[in-house]
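Asks: Structure in structure tokens, see below.
The values are calculated or read from the model by the stated rules, or taken from the named source; none is laboratory data. Small disclaimer: the values here were computed from a predicted structure and weren't measured. Heads up, the Cβs are rebuilt from the backbone with ideal geometry, glycines too, and the neighbour counts pull from every protein chain shown. Protein only, heavy atoms only, side chains kept; ligands, DNA and RNA dropped before computing areas. Shrake-Rupley method; radii C 1.70, N 1.55, O 1.52, S 1.80 Å.
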Amino acid sequence: MRISDTSDSLVEFARRLLNLALKQGAEEAEVYGMVGRSVDVDLRREYVEMASESYHSGLGLRAVVGGAVGFSSSSDMSQLEFVAKSAVRSARARGRDDSWISLPRPERVTEPEGIYDRRLDQITPEECIDIAAGLLAGCQEVRGAEPVSGGVACVSGTGFVLNSQGIELMETSTLMQASMEAIARGEDVATGSEFFNSRRLELSMEPVGRAAGELARSSLGGVRGESGSFDVLLRPLAAAELLEGTLLTSLEADNVQKGRSSLRGRVGEMIASEDFMLIDDGLLPAGIDSSAFDGEGVPSQRTVLVDGGALKGFLYDSYAAGKDGTHSTGNSVRSGYSDLPRVGSRNLIVSSPSAHELQAERGGYLVHGLIGAHTANPISGDFSVEARNAFRLAPGGEAQPVRSLMLAGNIFEILQTVEVGIDRRSVGPIVTPSLKVRMRVVGS
């Protein structure tokens, strides 16, 4: 099956669905479509548990009546009339929404660089299995370490947006993801994990498997952690997990408008160290969430959220922007054609003009990952999480693994003294280096 052929025919169905919605009484209508291919390989211990190739396609319709939005979706193109009727009926049942302005109108878009790789688009299941074998080989190079689980996913697809205001945009992109979890056994047992994601095909996954094995092995022999207030070096994964659980939702305009953000009314205030910068960039070259346009067809852009420690603004989709009398920042995101768009970050980039290689001069802890970051309070910024693969750092000494460690604090307090490293990497929609923060630690 050729994705291009399928997407062309799906666009024709999308145009038909748009017209059907207007005939049913929609004042405005929008169709979001996706067609894609995924090649997946799942690993269990040292074996390939499953290899699969799958295709998906479908359309999602938003119909607007009196400012109220109704939604319906389907992967069955014989049901378009039913989809149109369902969306319009749903909008009428909701009643009028005076906060609605309109669907976005056409604007010029800029194509981001590096989001499509033909080799990844055309990869076969057999080639994907060979790549996954590299994960296993890398892990098995580490003495005392064994693979537990992992896998490789190679995805290609085309997404498009059409609406009754005249928007008609289409884009094809690719994505590769790989991960490995390893276990090491000694007097005790320890685990470690590593991941990789890219818009381009990478054939050699041995370094990813090796890193997972080495982290598991180095975590053996954990000692009891000391409690108190310490400098903590959060590696990129841990930093991203903490930011996602505590800060991201506070920067989304719909949460600000609903009183779910402590940053409401604080634009211009210092909320972090004067060296701290936070930028959302939907056009980041080769960015994991880069695209010429967002889930509503609004052009992607670079939005400065925090500069010099000062809060500069929030992330908007069209609806939230209309309520505040401003313009969308291109931050309408979708998880698929069967879901409504929502406000979300694209490539959220942490940086600093004084970024440097971080050291724990006073000692402290090094943390590779977190458990329970999703339980943080996104309104207050308070968190209490468990550290994964934590190490005690003594001044001038070697890192010593710690059995169990809890971290607690408030994101808005620790950002006041945060130091930013230089080892930046993408962790899902967040692009961050290691961060050095002062926080409360509870050892056990």
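Asks: What's the number of the condition Asn389 fails, among (1) open to solvent by less than 20 Å² (accessible area, probe 1.4 Å); (2) modelled with pLDDT of 95 or more?
Replies: Every listed condition holds for Asn389 apart from (1).
Asks: If you check every pair at least six apart or on different chains, which have Cβ atoms under 6 Å apart with a residue in region 106-123 that is more than 16 Å from His327 (Cβ to Cβ) first and a residue that is open to solvent by less than 90 Å² (accessible area, probe 1.4 Å) and β-branched (Val, Ile, Thr) second?
Replies: Pairs found: Tyr116/Thr172; Tyr116/Thr174; Asp117/Thr174; Leu120/Thr174; Asp121/Thr174; Ile123/Val39.
Asks: Sticking with this structure for a sec: Within region 230-243, which residues are at pLDDT 95 or above and more than 30 Å from Glu146 (Cα to Cα)?
Replies: Leu243
Asks: Also, quick follow-up: I'd like to check which helices (runs of 4 or more DSSP H) are fully inside region 43-145 and have at least 2 residues that are touching an Asp or Glu at 6+ places or on another chain (Cβ under 7 Å), more than 26 Å from Ser290 (Cβ to Cβ) and small (Gly, Ala, Ser).
Replies: Values: elements: 80-94, 118-121, 125-140.
Because the criterion is at least 2 residues that are touching an Asp or Glu at 6+ places or on another chain (Cβ under 7 Å), more than 26 Å from Ser290 (Cβ to Cβ) and small (Gly, Ala, Ser), the helices (runs of 4 or more DSSP H) in region 43-145 that meet it are 125-140.
Asks: Could you please find all residues in region 343-379 being under 20 Å from the mean Cα position of the chain (by Cα), open to solvent by 40 Å² or more (accessible area, probe 1.4 Å) and of a type in the set (Ser, Thr, Tyr)?
Replies: The answer is Thr375, and nothing else.
Asks: Just to verify a result, which residue in region 190-229, among those that are polar (S, T, N, Q) and either in a loop (DSSP other than H, G, I, E, B) or open to solvent by less than 50 Å² (accessible area, probe 1.4 Å) (or both), is farthest from Ala145 (Cα to Cα)?
Replies: Residues of region 190-229 that are polar (S, T, N, Q), as a first pass: 191, 193, 197-198, 204, 218-219, 227, 229.
Narrowing further to those that are either in a loop (DSSP other than H, G, I, E, B) or open to solvent by less than 50 Å² (accessible area, probe 1.4 Å) (or both): 193, 197-198, 204, 219, 227.
On the way: Ser193: 11, Asn197: 23, Ser198: 26, Ser204: 20, Ser219: 11, Ser227: 30 Å.
Going through the qualifying residues, I end up with Ser227.
Asks: Only residues in region 161-176 that are free of Cβ contacts under 8 Å to residues at least 60 places away in the same chain and farther than 17 Å from Phe13 by Cβ count as the first member; pair them with residues that are open to solvent by 40 Å² or more (accessible area, probe 1.4 Å) and not in a strand (DSSP E or B), Cβ under 9 angstrom, at least 6 apart or cross-chain, and list the lot.
Replies: Every condition considered, the pairs that remain are Thr174/Tyr116; Thr174/Arg118; Thr174/Arg119; Thr174/Arg200; Met176/Arg200; Met176/Glu202.
Asks: On to the next question. Considering (1) open to solvent by 40 Å² or more (accessible area, probe 1.4 Å); (2) without any contact (Cβ under 8 Å) to a residue 60 or more places away in the chain, say which one Ser72 fails and leave the rest.
Replies: Here Ser72 clears every test but (1).
Asks: Filter region 155-189 down to residues that are among the basic types (Lys, Arg) and either surrounded by 18 or more Cβ atoms within 10 Å (Cβ to Cβ) or not in a strand (DSSP E or B) (or both), then give me how many there are.
Replies: The total comes to 0.
Asks: For the subset of region 259-270 comprising residues that are within 23 Å of the chain's Cα centre (by Cα) and closer than 18 Å to Asp317 by Cβ, which member is most open to solvent (accessible area, probe 1.4 Å)?
Replies: The selected residue is Arg260.
Asks: Something else: For region 40-68, which residues satisfy the criterion of being buried (at least 23 other Cβ atoms within 10 Å of the Cβ) and either of a type in the set (Val, Ile, Thr) or under 13 Å from Val83 (Cα atoms) (or both)?
Replies: Val41, Leu59, Gly60, Leu61, Arg62, Ala63, Val64, Val65
Asks: Still on this model: Pick from region 310-331 the residues that are touching a Leu at 6+ places or on another chain (Cβ under 8 Å) and assigned to a loop (DSSP other than H, G, I, E, B): which of them is surrounded by the most Cβ atoms within 10 Å (Cβ to Cβ)?
Replies: Per the criteria, the residue is Asn331.
Asks: Hey, could you check region 275-309 for residues that are open to solvent by 10 Å² or more (accessible area, probe 1.4 Å) and without any contact (Cβ under 8 Å) to a residue 60 or more places away in the chain and say which is farthest from Gly336 (Cα to Cα)?
Replies: If we take residues in region 275-309 being open to solvent by 10 Å² or more (accessible area, probe 1.4 Å) and without any contact (Cβ under 8 Å) to a residue 60 or more places away in the chain, then Gly308 is farthest from Gly336 (Cα to Cα).
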